[in-house]
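Accompanying notes for the structure given below.
The values are calculated or read from the model by the stated rules, or taken from the named source; none is laboratory data. All values reported here derive from a predicted model rather than from experimental measurement. Glycine gets a Cβ as well: all are built from the backbone with ideal geometry, and neighbour counts include every protein chain shown.
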């Protein structure tokens, strides 16, 4: 469920401003607890050197010791890192793999079926625009003793931005969905597990710009389907419905007529708690504009599933540069709120929003609450209970490509102030 780096076909970004003013409005006559004082952040791991390019992160107990860890990818340093929680609230940073070129996404799963968690990694080859066949799918095999060995599963393909695991053919092992963003050329494919970490590749769609390819049973028929978010000129969300026996049928669930819509991320979850899989969706990519910057249509929305795989689009609200959809009960009131970062903004403005929450008021209504103005340039966000107190914490990742380089963070932990 980790949120990965969007295909970055960008130059230099100067961004618009986001006005504040909603954080103190009451909810049903009661002042909301969600405001800039609600959570505090701190950097975890090694000291910051240079400009961090954290492209993705995931919350997982990687070593099975009962303490939740964070794994992340760094696209400039070409590495996969592990923020290992060695005792409650204390994190030690370890490098799991170097030389993973343009590392863009990391996902934990037991790919080889030996009872421990391996890491799937999407390798773009290079983060910045390129149409060479330099992408790869990599697994970091866990030896069960906190050692990880790098193995390339597929290479020589378009720049890979996402890889996720699920038993797509129902034979009891984990297959893979792969999104190859490319640049002018790209592809969505699935990799059939033939055993011993050997895979057969099957093409699903030959479009550039794929960001995410999560797997879930969205139509409730008992097998796993693939959802794909395709950006660039397409700005579409596809369902690849599993028909059985390795066959998939493509269907467009959403498409914007605005070629600059700026699709930036999706998350699959039961948004309305009615028992089916919905789609949380952000659009805020502004990296590839000829005149870079925020656009008035940037924001967050969700696609509501009727239970059969038919979806209805529902806009929630506006947020300049919206990235990293992250749905969680952040205020502990029993319903799901929608959090998102701003990947870019006018960071010279002290009021520019870096983290926002669209608080769930019930009845399909949401209200935007400003949670933070710093750190800036956040491109990755995950939610989970990292300290075992039963409350939701957040972990964010910073991607610093364009100036001004202020309020710099790398991997940050967000906790309740009280």
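When the test is whether a residue is surrounded by 14 or more Cβ atoms within 10 Å (Cβ to Cβ), in contact (Cβ under 8 Å) with a residue 40 or more places away in the chain and touching a strand residue (DSSP E or B) at 6+ places or on another chain (Cβ under 9 Å), residue 246 passes it. Scanning the range 363-407 for residues that are within 20 Å of the chain's Cα centre (by Cα) and part of a loop (DSSP other than H, G, I, E, B) turns up 374, 375, 376, 377, 385, 386, 392, 400, 401. Counting residues in the range 347-359 that are in a loop (DSSP other than H, G, I, E, B), touching a strand residue (DSSP E or B) at 6+ places or on another chain (Cβ under 9 Å), under 22 Å from residue 40 (Cα atoms) and at pLDDT 95 or above gives one or more.
Only residues that are on the phi < 0 side of the Ramachandran plot and not in a strand (DSSP E or B) were counted across the range 63-97, and they come to 8. Looking across the range 391-406, the residues that are farther than 21 Å from residue 93 by Cβ and modelled with pLDDT under 95 come down to 401, 402, 403, 404, 405, 406. Listed conditions (1) within 20 Å of residue 137 (Cβ to Cβ); (2) surrounded by fewer than 17 Cβ atoms within 10 Å (Cβ to Cβ); (3) in contact with a strand residue (DSSP E or B) (Cβ under 8 Å, 6 or more places away or on another chain) are all met by residue 182, apart from (2). From the list 155, 92, 87, 146, the lone residue that is surrounded by fewer than 17 Cβ atoms within 10 Å (Cβ to Cβ) and over 28 Å from residue 393 (Cα atoms) is 155. Within the range 168-184, identify whether any single residue is more than 19 Å from residue 214 (Cβ to Cβ) and part of a strand (DSSP E or B), and answer yes or no. The answer is no, given that none of the residues of the range 168-184 is more than 19 Å from residue 214 (Cβ to Cβ) and part of a strand (DSSP E or B).
Within the range 319-337, the set of residues being under 16 Å from the mean Cα position of the chain (by Cα) and buried (at least 24 other Cβ atoms within 10 Å of the Cβ) comprises 321, 322, 323, 324, 325, 326. Just one residue in the set 310, 359 is farther than 25 Å from residue 56 by Cβ and either surrounded by 21 or more Cβ atoms within 10 Å (Cβ to Cβ) or touching a residue at least 60 places away in the same chain (Cβ under 8 Å) (or both); that residue is 359.
I'm trying to understand the selection: among the residues of the range 375-414, which are free of Cβ contacts under 8 Å to residues at least 60 places away in the same chain, in contact with a strand residue (DSSP E or B) (Cβ under 8 Å, 6 or more places away or on another chain) and surrounded by fewer than 17 Cβ atoms within 10 Å (Cβ to Cβ)? Result: 391, single match. Restricted to the range 201-218, and to residues there that are touching a strand residue (DSSP E or B) at 6+ places or on another chain (Cβ under 6 Å) and under 22 Å from residue 312 (Cα atoms), the residue that is surrounded by the fewest Cβ atoms within 10 Å (Cβ to Cβ) is 216.
You will find that of 307, 299, 363, 275, the residue that is within 25 Å of residue 235 (Cβ to Cβ) and out of contact with any helix residue (DSSP H, G or I) (no Cβ under 9 Å at 6 or more places or on another chain) is 299 and no other.
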